[in-house]
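Let me begin by presenting the structure, written as structure tokens, before commenting on it.
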Amino acid sequence: MIRDLSKMYPQTRHPAPHQPAQPFKFTISESCDRIKEEFQFLQAQYHSLKLECEKLASEKTEMQRHYVMYYEMSYGLNIEMHKQVLF
């Protein structure tokens with residue numbers, strides 16, 4: 001059974017009405033400056049996220065270290081308790 005895909009997946013954007021040719025709003029220099037600003041913003045955002053990721057990775061490593069330490073202590077206490085019960 002073939003369905004009408006235009007009803008299942010409607011366009012999210014409506015096409016803009018066709019307008020007569022208009023001059024460009026920005027010059028090439030202005031466009032390059034805008035792209036440069038956006039790139040610098042994305043670079044700063046990337047750097048911030050990278051630092052946050054490194055911090056989380058460090059915290060994860062520290063948590064794993066603590067987990068192993070507590071596990072070893074718990075295991076040791078468990079062994080000692082069993083020794084005391086048996087003797």
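Gain on full extension, evaluated as 0.36 nm per residue between Y75 and Q45 minus their Cα-Cα distance, stands at 6.4 nm. Within straight cross-link reach of K60, meaning Cα distance under 17 Å, which aspartates and glutamates are found once same-chain residues fewer than 8 apart are removed? Reachable aspartates and glutamates: E52.
Given R0 = 41 Å, the distance between the Cβ atoms of L86 and E54 translates into a calculated FRET efficiency of 0.25. Once the Cβ-Cβ distance of E37 and H66 is raised to the sixth power relative to R0 = 41 Å, the FRET efficiency obtained is 0.40. Could you name the lysines whose alpha carbon sits less than 28 Å from that of K25, not counting residues in the same chain fewer than 8 places away? The reachable lysines, counting only those whose Cα sits under 28 Å from K25, are K36.
Only the coordinates and a few stated rules stand behind these numbers; no lab work does. Predicted model only: the values in this text are computed from it and were never measured. Cβ: placed from backbone, ideal geometry, glycine included. Neighbour counts: every protein chain shown.
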